[in-house]
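For reference, the structure discussed in these notes is given below.
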Amino acid sequence: MLPKWYDKWVSENPKDIFGPAILIGAVGGAVLVAALLVTWGRPLAVEAVQTGPRGTGMSVTKFVSDRATPDPTAAAYVSVAPVVPQPGDARARTAVPGAEAALGDLTAANYERLVGQMREWTGIPDLFAGEENYQTVVARSMIQMTQNLNENWEGHVNLSGQAGVNCYTCHRGQPVPTGVWFKITPVSEATAGWASVQNRTTVQSGSTSLPSDALEKYLLDGETIAVHDLESRVAQDVTDGSSPTWQNTERTFSLMNYFDNALGVNCVFCHNSRAFYDVGQNTPQWAQAQLAIGMVQELNIDYMTPLQDVLPPERLGAQGDVPKIGCMTCHKGYQRPLGGMDMVSDWPELRASGEPVYQ
């Protein structure tokens, strides 16, 4: 029942009877794959978004399936419209037993509404239930931080409209948001200096051998992000501290890798790959990234590190430091957190400091 050429092959090559079978299988498999691609389309089709002039490499390529899949945590977000205060409405400080003093000037209805939703957003059912709960103390600082973000950093948090932020932007129903980071260096206690922060595949280096201290240096310590310049290294004294070294370059690559993963983009989302050194040829997103870096530095220095003596040991990192904020804390792998969902219109209490403006 087999083809004559197959019988002939077997008789002439008794020790290689699998050769033609493998050939037939390979050809048949290729035909099958080609047929599936033609009938079903590419299973991992991509789209390219052009971000600059043609021929300059300024395009961002993404899998269509990724772009079409919204952040699954967005569906769990719940918002409640504010209650416009009326003359004579009781204030929380007098009408709500044990009301949080920082929110005491709210009407009782809006206090219950805000605190109840904050408990849902953060997954902390006893938030503001008493001074003995450290999370109450933390929440006061976080309210100030949220108001600061919406009031003073609207150039970033409102980039895609009147999105803003509230507790859910980071927490997503968890007491500790995903995407926070801790100090992990040195990653090798047997070494010192540069050798102690690189050549180890860590989460903060994006599972690469790049330096693992990029977030610490750039998003907390405020060091200058530098890659290279156009001057010869031979003519420079790299020990004077003013010239970026190759170590600075590797650390910057580590940070850029983190940015890409945090936002689900690649290098040319911000840069012109033909001239990385020329900021004048970058996309508008580069300026937004610069703004975001300054914003995150402020959040870590002014709001997170002061909680060092407030948080219990189980909330601290392996080196005893507080959790800190990075791009991943809000974005969680998406260009726009929660798809640019409006997080502030229903929450004038969190939109800015001072008396809430209800409409």
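Nothing in this text is a laboratory measurement; each read-out follows from the coordinates by a stated rule. Here the structure is a predicted model, which is why all the values come from computation and not from measurement. Note that each Cβ is placed from the backbone with ideal geometry, even for glycine, and that neighbours are counted across all protein chains shown.
One table, with the values for the structure above:
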{"item": "Rounded FRET efficiency, nearest 0.05, which uses the C-beta distance separating Ser207 from Lys8 and R0 of 30 Å", "result": "0.05"}
{"item": "Pair Asp309, Cys267: separation of 7 Å Cα→Cβ label points (nm)", "result": "4.6 nm"}
{"item": "Exposure proxy ranking, count of Cβ atoms within 10 Å, fewest first, for Ser205, Ser273", "result": "Ser273, Ser205"}
{"item": "Within-9-Å neighbourhood charge of Trp181 [Cβ basis; K, R +1; D, E -1]", "result": "+1"}
{"item": "In nm, spacing of pseudo-spin labels at Ala195 and Ala76 (7 Å Cα→C-beta vector)", "result": "4.5 nm"}
